[in-house]
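The values are calculated or read from the model by the stated rules, or taken from the named source; none is laboratory data. Remember, it's a predicted structure, so these values are computed and weren't measured experimentally. For neighbour counting, all protein chains shown are included, and Cβ atoms are generated from backbone atoms with ideal geometry for every residue, glycine included. When the accessible area is computed, the model is the full protein with side chains, heavy atoms only, and any ligands, DNA or RNA have been set aside. Shrake-Rupley method; radii C 1.70, N 1.55, O 1.52, S 1.80 Å.
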Amino acid sequence: MKPFAESCQQNRDPILEVLRIELAGKSRLLEIGSGTGQHAVYFAEHLPHLTWRTSDQAVHHEGIRAWIEASGLSNVLPPLTLDVTMEPWPVESAEAVFSANTAHIMSWPMVEAFVSGVGRILARGGLFLLYGPFSYRGVHTS
């Protein structure tokens with residue numbers, strides 16, 4: 001059975017609107033914290049020019065694989081085992097990095113490792129696209 005996150009259903013279309021614009025010239029993306037796998041499959045279906053590399057901790061791989069297999073898409077790759085605190089990361093470089101609903105559930109040292117790791121692998125001119133329940137001066141921006 002595929003895992004399901006209601007939040008993915010709620011936020012995927014607004015996120016896709018931004019991804020369509022920002023990723024127009026990119027061909028390879030690493031998703032950090034693929035979770036259920038829903039976002040990866042949905043975005044890869046709507047962005048067929050992009051190869052979407054999933055990643056997460058091993059405990060989530062079965063669910064991610066279930067979504068990928070059910071989709072039949074060839075532009076979504078199986079998950080890599082990635083814990084943001086590990087070194088080295090299992091990816092040497094990426095044109096773009098996407099992550100949704102991850103940073104707010106990490107400890108501050110994990111967030112620092114996360115951003116540092118993205119900085120190490122992101123190609124010159126690459127994009128780091130981070131979505132989450134953020135607020136600035138008490139105003140939510142998601």
What does the convex hull of the Cα atoms come to per residue for the range 1-89, in Å³? 97
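Which of the GluC sites (Glu not before Pro) across the range 29-85 are loop residues per DSSP, with 14 or fewer other Cβ within 10 Å?
Filter output for the range 29-85: empty list.
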Give me the percent of accessible area attributable to carbon and sulfur for the chain, probe 1.4 angstrom. 54
With point charges of +1 on the Cβ of Lys and Arg and -1 on the Cβ of Asp and Glu, referenced to the Cα centre of the chain, which listed residue (Ala44, Pro133, Ser27) lies farthest in the positive direction of the dipole? Ser27
So what's the net charge close to His46: Lys and Arg +1, Asp and Glu -1, counting the other residues with Cβ under 15 Å from its Cβ? -2
Inter-site label distance for Leu130 and His46 at 7 Å from Cα along Cβ, in nm: 2.3
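Grab the other residues whose beta carbon is less than 14 angstrom from that of Ile105, score K and R as +1, D and E as -1, and report the net.
Surrounding charge for Ile105 is -2.
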Using r as the Cβ-Cβ distance of Gln9 and Met110, and R0 as 25 Å, what FRET efficiency do you calculate, to the nearest 0.05? 0.40
Cβ-defined net charge surrounding His60, 13 Å radius [Lys, Arg +1; Asp, Glu -1]: -2
HN-Hα J couplings of the range 72-83 from phi, Karplus 6.51/-1.76/1.60, θ = phi - 60°, integer Hz, Gly and Pro as x? x, 6, 9, 9, 10, 9, x, x, 8, 7, 9, 10
Per residue, how much accessible surface does the chain expose to a 1.4 Å probe? Answer in Å², no decimals. 55
Would you work out the charge dipole size for the range 62-133 about its Cα centre, treating the Cβ of every Lys and Arg as +1 and the Cβ of every Asp and Glu as -1, and quote it to the nearest 20 debye? 160
Relative to the present Cα-Cα distance, how much length would full extension add between Arg137 and Val18 at 0.36 nm per residue of separation? 40.5 nm
Would you kindly derive the ³J(HN,Hα) couplings of the range 45-51 from the backbone phi angles with the Karplus curve 6.51 cos²θ - 1.76 cosθ + 1.60 (θ = phi - 60°), listing them in order in whole Hz, with x for Gly and Pro? 5, 8, 10, x, 6, 10, 8
Considering only the chain, what is the antiparallel percent among its DSSP beta bridges, to the nearest 5? 10
Karplus-derived HN-Hα couplings along the range 32-41 (A = 6.51, B = -1.76, C = 1.60, θ = phi - 60°), whole Hz, x at Gly and Pro: 9, x, 5, x, 6, x, 4, 4, 4, 5
